[in-house]
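Contents: one structure, followed by commentary.
The values are calculated or read from the model by the stated rules, or taken from the named source; none is laboratory data. Just so it is clear, the model here is predicted, and its values are computed rather than measured. All Cβ positions, even for glycine, are placed from backbone atoms using ideal geometry, and neighbour counts span all protein chains on display.
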Amino acid sequence: MENLQWITVSSPEEGAKEVYSIIEEELRNNRLQVLGLATGSTMIPVYEEWTDSNLDFSQVTAFNLDEYVGIDADNPNSYAYFMKEHLFNKKQFKETHIPNGMADDLDKECQRYEEELNAHPLDIQLLGVGENGHIAFNEPGTSPESVTHVATLTDSTLGVNSQYFENDDKIPNIALTMGISSIMKSKKLIMVAFGEKKRAAMEKLKSGEVTTDWPITKLLRHNDVVVITDLKVD
Ligand code: GLP
């Protein structure tokens with residue numbers, strides 16, 4: 001597990017500062033042109049740290065991991081909206097990309113997104129993790145070879161994520177997501193996990209065994225991963 005740099009912090013705020021220092025250093029050394037971004041409550045303190053700083057993303061192209069199908073960018077439940085609210089309205093990027101969950105032809109949209117990614121190889125991908133070990137919307141059982149695709153969400157994910165849904169909107173059970181192989185192509189991965197609910201996933205990662213039942217464990221096959229967590233995992 002020497003490819004995994006494991007940083008244990010005492011709070012999400014301290015974890016956000018660790019992410020900040022990596023991003024700041026990579027930007028300063030001109031090693032960050034393309035940045036993969038994530039959504040979820042874990043990323044709120046992370047983005048807050050960036051927006052409170054003088055980090056300059058104006059030369060950085062951003063790609064988000066995923067988006068719900070059938071929810072437009074003006075809907076507060078969309079990931080496009082989340083990104084605007086927490087980051088893009090406050091920091092200027094060169095370009096931002098998010099899969100279009102409103103596209104008429106979803107397969108074609110996935111193909112287009114993967115082509116964009118191939119044209120702009122990721123320098124860093126920021127990742128959270130689902131309670132069941134999903135990364136982006138790659139649910140347990142997803143092929144490690146997967147590229148951007150239409151994903152069906154599990155009941156566990158629907159249950160957890162529906163608590164964030166506003167306006168009585170029903171949570172869609174399909175989403176567009178970068179695949180596991182799209183994520184693994186990033187030069188560097190930063191995995192952030194806060195809180196007891198993520199313990200099972202972090203224990204699987206620590207166990208060193210790669211299994212499709214826990215998509216997060218695929219990170220063990222990457223050669224540059226930083227894990228930032230407030231969980232003490234043996
Ligand atoms: C969603 C996203 C994932 C994210 C996960 C965790 O399912 N698709 O990319 O990692 O939520 O969210 P949270 O940070 O709120 O626990």
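Among the residues making up the stretch 8-42, those that are in contact with a strand residue (DSSP E or B) (Cβ under 7 Å, 6 or more places away or on another chain), in a helix (DSSP H, G or I) and within 29 Å of D234 (Cα to Cα) are G15, E18, V19, I22.
Within the stretch 157-172, none of the residues are over 23 Å from P121 (Cβ atoms), more than 12 Å from the ligand (Cβ to nearest atom) and in a strand (DSSP E or B).
Every residue, every condition in (1) within 12 Å of the ligand (Cβ to nearest atom); (2) exposed (fewer than 13 other Cβ atoms within 10 Å of the Cβ); (3) more than 20 Å from E131 (Cα to Cα), yes or no:
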| position | (1), (2), (3) |
| --- | --- |
| T8 | no, no, no |
| E18 | no, no, yes |
| E24 | no, no, yes |
| N30 | no, yes, yes |
| V34 | no, no, yes |
| E49 | no, no, yes |
| N54 | no, yes, yes |
| S58 | no, yes, yes |
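Summed over the stretch 142-151, the residues that are in a loop (DSSP other than H, G, I, E, B) and in contact with an Asp or Glu (Cβ under 7 Å, 6 or more places away or on another chain) give a count of 2.
The number of residues in the stretch 73-127 that are acidic (D, E) and either touching a Cys at 6+ places or on another chain (Cβ under 7 Å) or surrounded by 14 or more Cβ atoms within 10 Å (Cβ to Cβ) (or both) comes to 4. Candidates are the residues of the stretch 60-72 that are more than 15 Å from the ligand (Cβ to nearest atom) and in a loop (DSSP other than H, G, I, E, B); the one that is surrounded by the fewest Cβ atoms within 10 Å (Cβ to Cβ) is D72.
Of the listed requirements (1) in a helix (DSSP H, G or I); (2) within 9 Å of the ligand (Cβ to nearest atom), E131 misses just one: (1). Residues in the stretch 160-178 that are more than 18 Å from A103 (Cα to Cα) and not charged (D, E, K, R): 7 in all.
Output the residue which, of all residues in the stretch 9-35 that are out of contact with any Asp or Glu (no Cβ under 9 Å at 6 or more places or on another chain) and of a type in the set (D, E, K, R), is farthest from E49 (Cα to Cα). Across the stretch 9-35, the extreme among qualifying residues is R28.
Annotation note: Cβ proximity below 8 Å between a residue of the stretch 145-168 that is touching a residue at least 12 places away in the same chain (Cβ under 8 Å) and a residue that is part of a loop (DSSP other than H, G, I, E, B) and among the hydroxyl-bearing types (S, T, Y) (sequence gap 6+ or interchain) occurs for A151/T142; Y164/S41.
Could you tell me whether the stretch 222-231 includes any residue that is closer than 20 Å to L35 by Cα, surrounded by fewer than 16 Cβ atoms within 10 Å (Cβ to Cβ) and modelled with pLDDT of 95 or more? For the stretch 222-231, residues closer than 20 Å to L35 by Cα, surrounded by fewer than 16 Cβ atoms within 10 Å (Cβ to Cβ) and modelled with pLDDT of 95 or more: present. Exactly one residue among T61, T96, T8 is under 30 Å from T217 (Cα atoms), in contact (Cβ under 8 Å) with a residue 60 or more places away in the chain and not acidic (D, E), and that residue is T8.
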